[in-house]
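Shown next, in structure tokens, is the structure this report addresses.
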Amino acid sequence: MPASKIKSDGLLVARTPELRLPLDLVTESNGILGKKGSGKTSAGVVLYEEMYAAGVPVVAVDPKGDWYGIRASGLIPDSALPVPVLGGQHGDIPLEPSAGTIIADLIVREGMSCVLDVSEFSKAEIQKFMTAFASQLYKVADRTPMHLILEECHEYIPQMVTSADARMVGAWEKLVKLGRFKGIGVSLLSQRAASVNKNVLTQVDNLFILRTSSAQDRAAVKGWIEYQANAADILSTLASLNTGECWLYQPARDEPIRFRFRFRETFDAGQTPKVGEARRAPTNLATVDLSAIASAMADTIEKAKADDPKQLRATIVRLERQLAQQAANAAAAEPVIEIPQIPEDVREQLVRLAEQLEQLLQWAKPLKWTAPTDSLPTPEKQPLVARESVPMTPPRPAAASEERAPSVGSDPRVSKMGRAVLTVLATYGTRNHVQVAILAGYSSKSGSFSNALSALRTAGFITGGREAMTITSAGLDALGHFTPLPAGPALIDHWMRQVGPMHRAILSALILAYPKSMSADEIATATGYSPGSGTFSNALSKLRTLALIEGGRAAITASETLGEARS
């Protein structure tokens, strides 16, 4: 942006030049609400253009995939903004779901304006990226003014919060409530006021209300402005506002004002196409120094790798699996164990695992198998059994409800449920308590499950709270050799065996639809049950209690763990 265009006398957002909004909006929280086609996105772009012109770093989160147009000129020549677009079909640089922390560090360190296009992410990937991004941004912000524009914020700050959404919504609620102290301002854009989390929306300092017609969304607006003297006048005009026209309500400043946003200067990539009109592609793209950004990202990524123990844990688990496979294939003769080339800091762990393997072989040698006698009943022959009742064939992954025999090297202090938890964490790495419960085959809401987690923490076998649990080295030693739990389709099969026919039908319909949600009526139609029956409601309730499904009757979704296990 040329120095001659830098603006310091306020934000010129209206078509009336004399109406300027104070620069304080940069570090305040704003809500921009309006139905589809009301000019909501263009209003957000105008704020982006004005704040960028004021020399403020601005970041837009784009779940639609049309904010890349700010890189090109629109109505005004040479108005393209030289900001990088990360992710999406039109991105300058790819964006990974696991890069939330890295991107937050980069934005703060470089004072960078950009567009984060998350339109190609799945629901689970958005949860992962947006949680890490918001948490890290709040953590590293250095009180330098910056602004976030959150397009379609109801997609990741929803009113109906599922267990999978909880951490993400909590991170954004904290940032909106407390970000101003850190120099972070936020603009929340949504076409569904009723669907935006009220704990977050009620924190905004300035509310821009564009054309709104639905009863639910008007009710949400009414709840925000009902104590304003002329609230009735505002509400009565909402359905008839022109495109781009809005009411601005600022409780801490003046009376509500009505104005019309100016036209955006950059290219409108989200403009609705008209019949017979050729699609216009963006031209005169602004030049961005991508090499500098790529270099900065590379430095940030390497630092993150150095500070992150997950790679070390992954190496340990991989070695455990290799040794477990060697044990399963062991013959009568002593096998020759080849020590792989591994990092020095993992060698001690490998030695312990080798000792456990040796114990396994010594334990297996004395076993002698007894053939069945002629007196055994026929035609159903009994399987060969050892005198110690040990299975002759390698054990299949046991269902969580089945009794597991202790493994070699296991700690006798660990209960059956505790072993299941440790096995989950050893197999899958860090998980939250709901994911652990589902993978282990227990209810996350049961008291016995909570007691098992408490006992493991007290013994030092796991670390972390309910949202992120990890097995420790002591936990791996206590677990000993283990058989991994079911994963993928096998996990779905496991749960299908644990529930009744109606539950199975409901789960099947939701898993096939994942990540999309279904209403209770749609599920009933798909499964052939009556949506108003008590047994149908009870089945939904039980599946929610087991954390296998999420959401209310209007929008029910299979849990993320089961949904992603389908493939």
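The values are calculated or read from the model by the stated rules, or taken from the named source; none is laboratory data. Since the model is a prediction, treat every value here as computed from it, not as a measurement. Positions of Cβ are backbone-derived with ideal geometry, glycine not excepted, and every protein chain shown enters the neighbour counts.
General remarks:
- When S98 is tested against (1) surrounded by fewer than 23 Cβ atoms within 10 Å (Cβ to Cβ); (2) under 23 Å from L33 (Cα atoms); (3) hydroxyl-bearing (S, T, Y), exactly one condition is not met: (2).
- Evaluation of I209 against the conditions (1) touching a Lys or Arg at 6+ places or on another chain (Cβ under 7 Å); (2) crowded, with 21+ Cβ neighbours inside 10 Å; (3) touching a residue at least 60 places away in the same chain (Cβ under 8 Å) shows that the sole unmet condition is (1).
- The residues of the stretch 229-250 that are within 34 Å of the chain's Cα centre (by Cα) and either free of Cβ contacts under 8 Å to residues at least 24 places away in the same chain or part of a strand (DSSP E or B) (or both), listed by number, are C246, W247, L248, Y249.
- Qualifying positions in the stretch 171-206 - within 21 Å of R253 (Cβ to Cβ), buried (at least 20 other Cβ atoms within 10 Å of the Cβ) and touching a Ser or Thr at 6+ places or on another chain (Cβ under 6 Å): V176, G185, V186, V204
- The residues of the stretch 523-536 that are part of a helix (DSSP H, G or I) and in contact with a helix residue (DSSP H, G or I) (Cβ under 8 Å, 6 or more places away or on another chain), listed by number, are I523, A524, A526, T527, T535, F536.
- Hits in the stretch 463-478 (condition: surrounded by fewer than 21 Cβ atoms within 10 Å (Cβ to Cβ) and of a type outside the set (D, E, K, R)): T463, G464, G465, A468, T470, T472, S473, A474
- Against the criterion of being more than 16 Å from the chain's Cα centre (by Cα), farther than 28 Å from D268 by Cβ and among the hydroxyl-bearing types (S, T, Y), T144 qualifies.
- Selection from the stretch 552-567 of residues that are assigned to a loop (DSSP other than H, G, I, E, B), of a type outside the set (A, V, I, L, M) and surrounded by fewer than 23 Cβ atoms within 10 Å (Cβ to Cβ): G552, R553, R566, S567
- Within the stretch 469-509, the residues that satisfy the criterion of being modelled with pLDDT of 90 or more and either among the aromatic types (F, W, Y) or within 21 Å of the chain's Cα centre (by Cα) (or both) are M469, T470.
- Candidates are the residues of the stretch 392-434 that are β-branched (V, I, T) and modelled with pLDDT of 80 or more; the one that is surrounded by the fewest Cβ atoms within 10 Å (Cβ to Cβ) is T430.
- Among the residues of the stretch 151-187, those identified as in a loop (DSSP other than H, G, I, E, B), of a type in the set (A, V, I, L, M, F, W, C) and over 19 Å from D62 (Cα atoms) are M160, V161, A164.
- Test result for A215, among the small types (G, A, S) and either touching a residue at least 24 places away in the same chain (Cβ under 8 Å) or buried (at least 21 other Cβ atoms within 10 Å of the Cβ) (or both): no
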